[in-house]
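Written out below as structure tokens is the structure these notes cover.
Rule-based calculations on the coordinates, nothing more; no lab input. Keep in mind that this is a model prediction, so the values were computed, not measured. Using ideal geometry, Cβ is built from the backbone for each residue, glycine included, and neighbour counts are taken over all protein chains shown.
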Amino acid sequence: MSIAGRFEKAIEQGASLGCTTIQLFTKSNRQWQAKPISQEEADAFRAAVKSSGIDPVVAHATYLINIGSPNPEIEGKSIKAVIDELQRCDKLDIPYLVLHPGSHVDTGEQECLERIARNLDTILASAPGNAKILLETMAGQGSSVCYNFDHIATIRRLSHHKHRVGVCFDTCHAFAAGYNFTTPEGYNAMWDEFDKSIGLEHLYVIHVNDSLKELDSRVDRHADIGKGKIGPEAFSLLFNDPRFFDIPKILETPKEDLVDDERNMRTIAGLLSEKTKKALNIE
């Protein structure tokens, strides 16, 4: 949801669609710098959240950040930017900051993972608030890391602040990275691997997107739910899985207006079984 004009606009838009959770950027997603959040803005946002029933609100970090970069200038700017993003989350009482972990730029994956873990420790020690960083599963496009679960497990193992490092699972990214969860067997096998490698208890948010590109394409291109290469069965399995009923699920499907979100939400609602509707008290 957009915060254009004022932060609480995102809450108003989400509430108008009946959302129970939303994601937003707390600043421009294409700029390093941002105007500080005033106390008045923070108070208005928190009041809007409280009255809306939307819980939780999830923030996404700017796309410019690369804490795995071997370039000292980019690395330094990225560290500073994530610290600022965490502080903005705390000011707005946002519990989760989703972060694209980074890219190695041809310097090797293991070195990049170690650099990310080291920089996460620096960041979290410098921003000792409540917000958690959620490392997003990636598609493996370019030299990005964390396209497999073991990468994230390695970062968490190396981190000294792992209690504030969780995971955001992205359906499009996982499919593009080679995880085939389009059948019950593949779906269960993937989550078994996630649990053994990372631990399901560290999953805090799910990005729900179909994929324009094929399995293992390593290309990050989102599509409407059920209209891409993943297809509806995988999303039916996900939304009817009681293990994830309480995990916030965020649509990042293509949109020009709220009607596009509404269309995808209707598609998802149509996938819910009667058993799930009864469990979630949905008519």
The chain, Gaussian network, Cα under 10 Å: of Gly14, Gly76, Gly270, the residue fluctuating most is Gly270
Which of Asn209, Asn66, Asn188 fluctuates most in a GNM of the chain (C-alpha springs under 10 Å)? That residue is Asn188
Honestly the stretch 8-279 on the Cα gyration tensor test (a ≥ b ≥ c root eigenvalues; a/c under 1.5 rounded, otherwise a/b vs b/c for prolate or oblate) is just oblate
Per residue convex hull volume, Cα only, the stretch 39-79, in Å³ is 90 Å³
Ranked from fewest to most other Cβ atoms within 10 Å of their own Cβ, Trp191, Trp32 fall in the order Trp32, Trp191
The stretch 19-114 -> Rg/Rh from Cα coords, Kirkwood Rh, value 1.05
Helix-only [θ] at 222 nm, the chain, -39500 (n - 2.57) per DSSP H run of 4+, per residue, nearest 500, equals -13000 deg cm²/dmol
Note, the stretch 109-126: 3J(HN,Hα) by Karplus (6.51, -1.76, 1.60, θ = phi - 60°), whole Hz, Gly/Pro = x, goes 5, 4, 4, 5, 4, 5, 5, 4, 4, 5, 6, 4, 4, 4, 5, 6, 6, 8
Listed by chain and number, the residues whose amide H is under 5 Å from that of Gly166, excluding neighbours fewer than 5 places away on the same chain and using placed H, are Ile133, Leu134, Leu135
If every Lys and Arg gets +1 and every Asp and Glu gets -1 at its Cβ, then about the Cα centre the stretch 126-206 yields a dipole, in debye to the nearest 20, of 420 debye
Taking the dipole of the stretch 1-75 about the Cα centre (Lys, Arg +1; Asp, Glu -1; charges at Cβ), the one of Ser2, Gly68, Thr26 that reaches farthest to the positive side is Ser2
Dipole check, the chain, charges on Cβ (K,R +1; D,E -1), about Cα centroid: among Gly178, Met190, Leu135 the Cα furthest to the positive pole belongs to Leu135
A correct Karplus calculation of ³J(HN,Hα) over the stretch 183-191, with 6.51 cos²θ - 1.76 cosθ + 1.60, θ = phi - 60°, whole Hz and x for Gly and Pro, returns 10, x, 5, x, 4, 5, 5, 5, 5
Sorted by chain and number, the residues with a modelled amide H under 5 Å from that of His207, at a separation of 5 or more or across chains, are Phe169, Asp170, Thr171, Ile250
In terms of the charge dipole of the stretch 8-279, which places +1 on Lys and Arg and -1 on Asp and Glu at the beta carbon, the residue among Gly270, Ala48, Leu215 farthest towards the positive end is Ala48
About its Cα centre, the stretch 40-168 carries a charge dipole, from +1 on Lys and Arg Cβ atoms and -1 on Asp and Glu Cβ atoms, whose size in debye to the nearest 20 is 320 debye
Answer in debye to the nearest 20: the dipole magnitude of the chain about its Cα centre, from +1 Lys/Arg and -1 Asp/Glu charges placed on Cβ, is 420 debye
Inter-part gap, Cα centre of the stretch 240-283 to Cα centre of the stretch 37-71, in whole angstrom, is 23 Å
